[in-house]
Structures are given as structure tokens and as C-alpha cells.
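**Student:** Quick one: the structure is below, and I'll ask about it shortly.
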Amino acid sequence: MALTPKQKRFVQEYLVDLNATAAAIRAGYSKKTAEVIGYENLRKPQIETAINQAIQEREKRTKITQDMVLKETAKLAFFDIRKMFDKNGKPLDISKLDDDTAAALVGLDVQDVADSDGNYVGFIKKYKLADKVKALELLGKHFGTWEPQNKQQTSMEDLTALAEKLRV
């Protein structure tokens with residue numbers, strides 16, 4: 001069975017943020033019923049198939065997979081700053097950083113230092129690192145770490161109750 005134009009739009013909008021309610025609203029469904037419609041749409045086999053196919057096509061087109069994003073986020077979340085320094089605490093040359101350590105480095109500012117006569121005496125390196133807490137938060141959300149187990153998924157009873165409220 002072919003998708004309706006609104007269902008096709010729902011599929012496109014769902015890929016934006018993987019939020020079924022928001023996708024339903026953006027696809028033109030009523031804001032009042034968007035939560036229920038979004039939930040129902042995700043359970044329709046033809047829509048589920050279309051979403052999976054669109055995700056696979058996007059992965060081929062961009063050469064970026066969900067696994068790649070998850071692995072990169074994990075690199076940032078579990079980065080160990082000690083890997084930036086040698087055993088004496090001296091910063092390693094940037095060319096000596098391993099790939100995971102380099103991935104956590106989002107900026108490096110090198111400033112020359114001179115004495116009062118203007119003679120070069122050295123340099124100062126200022127490292128800007130990725131936000132480890134944000135990366136951990138993203139992983140936690142992905143795995144449902146921050147929500148009580150019973151709050152991670154909307155139950156059928158919750159949706160039925162919501163549908164009844166909306167019918168009033």
C-alpha cells in the first residue's frame with residue numbers, strides 16, 4: 001500500500017529529529033492529535049519501512065551512520081586528558097596525539113611569549129576540549145540512563161487515555 005502525501009511528509013519530518021509528535025505536527029496533522037498520530041504512524045508497517053529505507057539512503061548518501069555518530073560521541077565522553085601529556089606532565093606535540101585524543105581537541109591556540117626586550121622566550125599553548133559532560137548527557141539520553149525505566153516508553157494505556165482525553 002502506497003503512502004499518502006501526508007504520510008510521506010511525516011517520514012521526511014521524522015528523520016529531522018526522530019520525534020514522532022513534532023513530525024506529525026510539521027507534516028500537517030492536528031496539534032491536538034499529533035502525539036497519538038505520531039505513535040500510530042510509527043507502528044504502521046509501510047511507514048516503518050519507508051523510515052528505515054530513508055535512513056539507509058541517507059547513510060549511503062552522506063557516508064555517515066548512526067554507529068559512527070555514537071562512536072564519536074563516546075570518544076568525547078570517555079576522553080582521558082592524561083593522554084595529552086607525557087609522563088612528566090609536558091604537553092605532547094599535536095602530531096603525537098592518538099586519534100581518540102585528537103578527536104576531543106576542538107581548538108588549540110599557540111601564543112608566542114617574549115621578554116621585556118622583545119626576545120622570544122617560548123610559547124603558551126591553550127587547548128580547547130570538547131564538552132565531555134554534554135557528550136555524556138547525549139549518550140545517557142540515547143541509552144535512557146536518565147529516565148526511570150517506566151518513563152522511557154509511553155505505554156499503550158497512556159496513549160489510550162490520551163486519545164480519550166482528546167476525543168472530549
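**Student:** Looking at region 124-150 only, could you name the residues that are over 18 Å from LEU76 (Cα atoms) and either surrounded by 10 or more Cβ atoms within 10 Å (Cβ to Cβ) or within 14 Å of the chain's Cα centre (by Cα) (or both)?
**Tutor:** LYS125, GLY144, TRP146, GLU147 - these are the residues of region 124-150 that are over 18 Å from LEU76 (Cα atoms) and either surrounded by 10 or more Cβ atoms within 10 Å (Cβ to Cβ) or within 14 Å of the chain's Cα centre (by Cα) (or both).
**Student:** Now a separate question. Under 30 Å from TYR127 (Cα atoms), of a type outside the set (Phe, Trp, Tyr) and without any contact (Cβ under 8 Å) to a residue 40 or more places away in the chain: is that true of ASP80 in this structure? I'd like the intermediate steps shown before the answer.
**Tutor:** Numbers: under 30 Å from TYR127 (Cα atoms): yes; of a type outside the set (Phe, Trp, Tyr): yes; without any contact (Cβ under 8 Å) to a residue 40 or more places away in the chain: yes.
Judged against the criteria, ASP80 is a match.
**Student:** Inspect region 15-32 for any residue being surrounded by 13 or more Cβ atoms within 10 Å (Cβ to Cβ) and of a type in the set (Asp, Glu) and give the result as yes or no.
**Tutor:** Taking every residue of region 15-32 in turn, none turns out to be surrounded by 13 or more Cβ atoms within 10 Å (Cβ to Cβ) and of a type in the set (Asp, Glu).
**Student:** Right, here's the next one. Can you list residue pairs whose Cβ atoms sit under 8 Å apart, with the first residue in region 39-50 being within 17 Å of ALA22 (Cα to Cα) and the second being surrounded by fewer than 15 Cβ atoms within 10 Å (Cβ to Cβ)? Count only pairs 6 or more apart in sequence or on different chains.
**Tutor:** Short answer, once both residue conditions are applied: TYR39/THR154; TYR39/LEU159; LEU42/GLU48.
**Student:** With the structure loaded, tell me whether ALA103 is of a type in the set (A, V, I, L, M, F, W, C), at pLDDT 90 or above and under 18 Å from LEU70 (Cα atoms) or whether it fails that test.
**Tutor:** Numbers: of a type in the set (A, V, I, L, M, F, W, C): yes; at pLDDT 90 or above: yes; under 18 Å from LEU70 (Cα atoms): yes.
Spelling it out, ALA103 is indeed of a type in the set (A, V, I, L, M, F, W, C), at pLDDT 90 or above and under 18 Å from LEU70 (Cα atoms).
**Student:** Ok, one more. Confirm whether ARG9 is of a type in the set (D, E, K, R), more than 24 Å from LEU139 (Cα to Cα) and in contact (Cβ under 8 Å) with a residue 12 or more places away in the chain. Spell out the reasoning first.
**Tutor:** Details: of a type in the set (D, E, K, R): yes; more than 24 Å from LEU139 (Cα to Cα): yes; in contact (Cβ under 8 Å) with a residue 12 or more places away in the chain: yes.
Against the criterion (of a type in the set (D, E, K, R), more than 24 Å from LEU139 (Cα to Cα) and in contact (Cβ under 8 Å) with a residue 12 or more places away in the chain), ARG9 qualifies.
**Student:** Take region 41-84 and flag every residue that is out of contact with any Leu (no Cβ under 8 Å at 6 or more places or on another chain), more than 26 Å from ASP99 (Cα to Cα) and not hydrophobic (A, V, I, L, M, F, W, C).
**Tutor:** Residues satisfying the conditions are ASN41, ARG43, LYS44, PRO45, THR49, ASN52, GLN53, GLN56, GLU57.
**Student:** Now a separate question. Being touching a strand residue (DSSP E or B) at 6+ places or on another chain (Cβ under 9 Å) and part of a helix (DSSP H, G or I) is true for just one of LEU70, LEU76, LEU108, LEU42. Which residue is that?
**Tutor:** On the way: LEU70 fails: touching a strand residue (DSSP E or B) at 6+ places or on another chain (Cβ under 9 Å); LEU108 fails: part of a helix (DSSP H, G or I); LEU42 fails: touching a strand residue (DSSP E or B) at 6+ places or on another chain (Cβ under 9 Å).
Answer to the check: LEU76.
The values are calculated or read from the model by the stated rules, or taken from the named source; none is laboratory data. Please read these numbers as outputs of a predicted model, since none were measured by experiment. Glycine gets a Cβ as well: all are built from the backbone with ideal geometry, and neighbour counts include every protein chain shown.
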